[in-house]
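Scroll down for the structure; my scribbles are underneath it.
Every read-out reported here was derived from the displayed coordinates using simple, explicitly stated rules and does not represent laboratory data. Fair warning: this is a prediction, and the values are worked out from it, not measured in the lab. Here the Cβ positions follow ideal geometry from the backbone for every residue, glycine too, while neighbour counts run over all protein chains shown.
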Amino acid sequence: MLTKKHLLAGIAIAAGIGVAATASAQVKPETLVKQRQSAMVLVAKYFGPLGGMAQGRVPFNAEVVARNAGYLEVLARMPWDGFTDATKDVKSATLPAAFADPKFKQGQEQMQTAIANLAAVAKSGDEAKIKAAIGEVGKTCSGCHDNFREKQ
């Protein structure tokens, strides 16, 4: 049963969401760039050991893979709202094409899908399947870095 108390709580929540949306819309472009870069640094932190395992440079550890894949599922969603038109003139390694080419958005989606697949496969403990899934994630990272990031 919907009571007046529930209705008022719903209105308060909706108002809070509206304020939060307005506040995020007012974030400085430089802040958005720093936030997306920070998210990518964390993606690299948690993907790095997995890449090492896939290449045989780091001993395979299914527990680390499962943990890191879970972190990556969340982290892989974070940077993209920082790639707005307002940020395209802020100095960063992002090439201007990222803001206009639909392949950039496709790359984001492919990365998120590959990471979700990795997280699912990680639960199996099957080393060969996990290493293949890690490789697929790496390909999605390379796809965007090769095409939409300055060479460093």
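Data table
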item: Answer residue from the stretch 74-83, given it is aliphatic (A, V, I, L, M) and touching a helix residue (DSSP H, G or I) at 6+ places or on another chain (Cβ under 6 Å) and is surrounded by the fewest Cβ atoms within 10 Å (Cβ to Cβ) among those; result: Met78
item: Options Val41, Val33; residue that is within 21 Å of Glu109 (Cα to Cα) and buried (at least 19 other Cβ atoms within 10 Å of the Cβ); result: Val33
item: Residue within the stretch 78-88 that is farther than 22 Å from Ser124 by Cα and without any contact (Cβ under 8 Å) to a residue 12 or more places away in the chain present; result: yes
item: Residue pairs meeting the criteria (Cβ under 9 Å; at least 6 apart or on separate chains; first over 18 Å from Thr113 (Cβ atoms), in the stretch 49-72; second polar (S, T, N, Q) and assigned to a helix (DSSP H, G or I)); result: Pro49/Asn68
item: Any chance Thr140 is touching a strand residue (DSSP E or B) at 6+ places or on another chain (Cβ under 7 Å) and hydroxyl-bearing (Ser, Thr, Tyr); result: no
item: Search result, residues across the stretch 71-87 that are of a type outside the set (D, E, K, R) and more than 8 Å from the chain's Cα centre (by Cα); result: Tyr71, Gly82, Phe83, Thr84, Ala86, Thr87
item: Complete set of residues in the stretch 120-137 that are surrounded by fewer than 17 Cβ atoms within 10 Å (Cβ to Cβ), part of a helix (DSSP H, G or I) and small (Gly, Ala, Ser); result: Ala120, Ala128, Ala132, Gly135
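The rows are residues; the columns are (1) surrounded by 14 or more Cβ atoms within 10 Å (Cβ to Cβ); (2) touching a Gly at 6+ places or on another chain (Cβ under 9 Å).
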{"position": "Leu50", "(1), (2)": "yes, yes"}
{"position": "Ala66", "(1), (2)": "yes, yes"}
{"position": "Leu72", "(1), (2)": "yes, no"}
{"position": "Asp85", "(1), (2)": "no, no"}
{"position": "Phe104", "(1), (2)": "yes, no"}
{"position": "Glu150", "(1), (2)": "no, no"}
